[in-house]
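Below is one structure, written out as structure tokens, with a few remarks after it.
We did not get these values from a lab; they are worked out from the coordinates using the rules stated. Here the structure is a predicted model, which is why all the values come from computation and not from measurement. Every residue, glycine among them, receives a Cβ derived from its backbone with ideal geometry; neighbour counts consider all protein chains shown.
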Amino acid sequence: MIDSKLNILQKVLENNSIESFLIPSTDEFLSEYSPPYLKRLEYICGFSGSNGILLASSNGKHVLFTDGRYLIQARNELPQNVKIINLSEKSVKNYIDEEGIKLLAYDPRLHSSAFIDNIKSDNCKLLPIKNPIDEIWENRPKMPNSMPFMQNLDYIADFPQIKLTEILGKFATIADKLLVADPESICYLLNIRGTDIPCNPVILSYIFISKSGDIDLFTYKPSRFDYLKEVIELQIKFHDINNLEEYISGLNGQKIAYNIPKTQDWFRNKFDKNSIESVSFDDGLLLMRAVKKDNEIEGAKKAHIMDAIAVINAIYRIKHATTTLNEMDIAQILLEERKKYKEFICESFPSICGFASNGAIIHYRATEKSAKPLVGTELLLVDSGGHYESGTTDITRTILIGNNPKDKWKECYTAVLQGHINLLDHDFNENTIGSELDAIARKPIQDIGYDYEHGTGHGVGNLLNVHEGPFHISKRHNPQKIMKNMIMSNEPGIYIEGEFGIRIENLMFCKEVATHQYGFESLTLVPYEKDLILFEKLDTSQINWLKHYYKMISSIILPQIKDNNISAWLKSQLEF
């Protein structure tokens, strides 16, 4: 079926004399995760990962570019005639140059201007076109149409007018209007949330802000905002997203500020077409989102207490199941436990439950066809999270199913735990960036001959995307300093294809430990897998950190476990 879709696209390209066409995993809002209505890459080739670009060719030479997290998944999902390239080994630009591609078409709504500028070449013409996939897509899902809702006032960063005033003070002297094309920043600014994207509480939209503070918001079915107009307390006009191009044509003579490199290339094309002057400007909303206010940190703590109880209950159920479970059952058990809290809104991403060799697929997603039964003694990697009214969670635990774990598992698990603890227990100065912290988590793993093909940590939103910038902890250089009240993950791992995967992940926040000195405090409060830890390998500081961490779980979580059997089991897990 997938082969036939690619063949149809190939024929369309051939009939229109288009040598090649780029199809990214992103959508018109440059989302990491997209609603089914906008998942063009998955529709055309079957790849469901959150980072991929397919270069489809009229000659049938199709190539998918992705990162190390998705290489195994790509091999499992793609047709055999699609070549896979690791982006860490070759960029799209290098491939275009090496293959001598002369004409490359792209949908300008789906790529940032920075990406388009990066792949430009004197030898290759870039052609913006309407997306041919939209014309051949049969039985396309419905467009997003979720009802927006207001964020709980106890957990907002600030009132919209205060945030808007801060932004106006930055751009009003250089432009007539500010374009914000990132739905997460828009929802943050207005304190609204929605469910246009599964697991991402956003309303897909764009806004233009005038110097006077008036806002024009473009979205699918704007009438869904009618009941919120009086609540938002800002001057907002709601428009159908299909009227955006007409609106832009009426901006002639005005100067528009926006983050040109990070915004969809479509806007740059339309501004140029209509002779509208624009200036590149960072609105600062991403950093505002990343540096949480104290009440947001308190909200995150509250969310993680609920989540810890849910996950501990789930792990107990998994370990003590009287019937054979499969990978999909694990995700359902986690969801059932989280749903016991009225504050729970939805999962923060589809749960990753990989048993045995499936655990080596970093972002594995079980299906009815692929779901393995939990039989025998193996490792189960479970990465899951939830959105609560007070915050967002993301936790990974590697669980031993059965008895008598292999020595290799214990060696690898202990090394991952050491890297995880070393980062959580590390103090640093105010000028520290993510790549400096990344090396700390990797060292114990590299010392036993392994490494992992993903970053060590990502920022986390407050009832927004579980992956948030502008910083990250990874090998890749990022100039953004780690700042007080940033929330991030800490998730080193080891993956051996065909055997097992191990990952340990806590969320943590940056706090000041002395003047100009920072450290981390764990938000996640769930014990590690006791039977996989070689305690004799842990040094004194690692043992002391673990004792302190387990003391927190004993004082905060243990008293809230209602089931006596689970309480007794948890207590046994905290003793060593």
In debye, nearest 20, what is the charge dipole magnitude of segment 2-136 about its Cα centre with +1 on Lys and Arg Cβ and -1 on Asp and Glu Cβ, if you could check?
-> 140 debye
Helix 407-424 axis, angle to the chain major axis (alpha carbon atoms, nearest 10°) | 60 degrees
If you keep only loop residues by DSSP, which GluC sites (Glu not before Pro) in segment 149-252 have at most 16 other Cβ atoms within 10 Å of their Cβ?
-> Glu233
Paired Rg and Dmax values of segment 466-576, which use every Cα atom, in angstrom = 16.7, 49
Got a sec? How would Leu38, Leu153 order by Cβ neighbour count within 10 Å, fewest to most?
-> Leu153, Leu38
State the dimensionless ratio Rg/Rh of segment 324-480 (Rg: radius of gyration of Cα atoms; Rh: Kirkwood radius).
-> 0.99
Looking at segment 291-563 from every direction and averaging, what is the projected area of its Cα convex hull in nm²?
-> 14.0 nm²
What number, rounded to the nearest 500 deg cm²/dmol, is the helix-based mean residue ellipticity at 222 nm of the chain, given -39500 (n - 2.57) per DSSP H run of at least four residues and division by all its residues?
-> -10000 deg cm²/dmol
Cleavage-rule hits (trypsin sites (Lys or Arg not before Pro)) in segment 507-576: DSSP loop, at most 13 neighbouring Cβ within 10 angstrom | Lys562
Could you pull out the GluC sites (Glu not before Pro) across segment 344-400 that fall in loop regions by DSSP (anything but H, G, I, E, B) with no more than 14 other Cβ atoms inside 10 Å?
-> Glu368
Would you work out the charge dipole size for the chain about its Cα centre, treating the Cβ of every Lys and Arg as +1 and the Cβ of every Asp and Glu as -1, and quote it to the nearest 20 debye?
-> 400 debye
Using a basic spin-label model with each label point 7 Å from the Cα along Cα→Cβ, how many nm lie between Gln332 and His516?
-> 5.8 nm
The chain, Rg to Rh (Cα coordinates; Rh as Kirkwood inverse mean 1/r) | 0.97
The chain: antiparallel DSSP beta bridges as a percent of all, rounded to 5 = 75 percent
Using Cα pairs under 8 angstrom and six or more residues apart, how large is the relative contact order of the chain, in percent?
-> 11 percent
Where a ≥ b ≥ c are root eigenvalues of the Cα gyration tensor, a/c under 1.5 meaning rounded, otherwise prolate if a/b exceeds b/c and oblate otherwise, segment 2-136 counts as rounded
So for Cys346, Cys124, Cys510, fewest C-beta neighbours within 10 Å to most, what's the order?
-> Cys346, Cys124, Cys510
In whole percents, the bins of 10 Å from zero upward hold the Cα-Cα pairs of segment 254-309 as 19, 31, 17, 18, 13, 2
